[in-house]
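A short reminder: the numbers here are calculations on the coordinates, not readings from a lab. None of the values given here were measured: they were computed from a predicted structure. Counting neighbours? That spans all protein chains shown, and the Cβs are built from the backbone with ideal geometry, glycine included.
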Amino acid sequence: MKIKTSLTLFTSIFITCQNGNPKVIANLPSSLPEISAIEKTTKSNLFWVVQDAGNNNHIYGLDEKGDIKADITIENAENRDWEDLTSDKEGNLYIGDFGNNNKEETNFTILKITNPQVNMKRIKAEFIRFSLPKDTKPKDFEAFFLYNDYFYVFSKETKKFRTLKIPNRVGYHEAKLFSEFNLEGKNNKITSATISRNGKRMYLLNHDKVWELSEYKNDTFFEGKITSFPFNHNTQKEGVFEIDNTLYITDEYKKNEGGNLYKMSLN
């Protein structure tokens, strides 16, 4: 199948900055060494986190010191491979269960958690299920966000990555191939994504940098300005969230490195 995308031609500006140095503000709990995502909803002061494949079906609420203040079991779901979190304006949380390291899966799930701060012990999820577009090879997906009632899901690639678009509606959907793009580098392995609450800036994370995309119209994210913020260290960074022009970033604890909550001002 010939893939047609709306982003075949584009004009983007790449700027490499030197101030992408996140500061450690807390050590993450040692009981959660494989945190894969971070998000804060509009109705909670907690940072919500999950762990990825091989871990339990819990979401945790952390304070800014990294202490666990909430531990919620998702009663009707298993953690196949939870990779990212996003939220909506009503305070609902969404878990992206779409990790696919072996590139064998073709059907994936987004879990909707209604206002997690209300039920701090046990809760049931609703399910937004999607399949890949026809004739599309399976990919590993680790990042997504919600924008104008659609999810944008990003594949983890060395160079060119794919973006899928799925409606935020409970039920089953066939994803649409939204774009294919290369961030002009050999390490585009996107592990998390987030978008500002006003929708004017979006961020893509990998282990050694974060990209800021801005000055786009509607959802033509890759037609605007792209700024790269390289970090001063390379750890397994897996989660990013933005609020008030500040990024909060998490990394996994491996080989005596990482396991931290970072804060990075973009002013």
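Could you compute the net charge surrounding residue 61? Neighbours are other residues with a C-beta less than 15 Å from the C-beta of residue 61; K and R count +1, D and E count -1. Around residue 61, the charge tally is +1. The amide H of residue 127, built 1.01 Å from its N in the peptide plane, has 112, 171 as neighbours under 5 Å, considering only residues 5 or more places off or on other chains. Pairs over the 28 Å Cα-Cα cut-off, from the set 103/200; 159/217; 65/139; 43/263: 103/200; 65/139. Remark: spin-label model distance residue 257-residue 160 equals 3.1 nm, labels positioned 7 Å along the Cα→Cβ axis. Among the DSSP beta bridges whose two residues both lie in the chain, what percent are antiparallel, rounded to the nearest 5? Within the chain, antiparallel bridges account for around 90 percent of the total.
Backbone phi angles across segment 232-247, fed through the Karplus curve with coefficients 6.51, -1.76 and 1.60 (θ = phi - 60°), yield HN-Hα couplings of 8, 7, 10, 10, 7, 6, 10, x, 9, 8, 10, 8, 6, 6, 10, 9 Hz in residue order; Gly and Pro are listed as x.
For residue 239, the residues whose amide H sits under 5 Å from its own are 250, ignoring neighbours fewer than 5 places away on the same chain, with H placed 1.01 Å from N.
Karplus-based coupling profile of segment 39-45, in residue order and whole Hz: 7, 10, 8, 6, 10, 8, 8, with θ = phi - 60° in 6.51 cos²θ - 1.76 cosθ + 1.60 and x standing for Gly or Pro. Once the chain from residue 126 to residue 182 is taken as fully extended at 0.36 nm per residue, the excess over their C-alpha distance is 16.8 nm. Whole-Hz Karplus values for segment 102-112 come out as 7, 6, 10, 7, 10, 10, 9, 9, 10, 8, 9 Hz, taken residue by residue from phi with 6.51 cos²θ - 1.76 cosθ + 1.60 and θ = phi - 60°; glycine and proline positions read x.
When its C-alpha radius of gyration is set against 2.2 N^0.38 Å (N residues), segment 61-161 gives a value of 1.16. In this structure the amide hydrogen of residue 115, modeled in the peptide plane, comes within under 5 Å of the amide hydrogens of 92, 93, none closer than 5 places in sequence on its chain. Here the simple spin-label model places points 7 Å from the Cα toward Cβ, and for residue 42 and residue 90 these points are separated by 1.1 nm.
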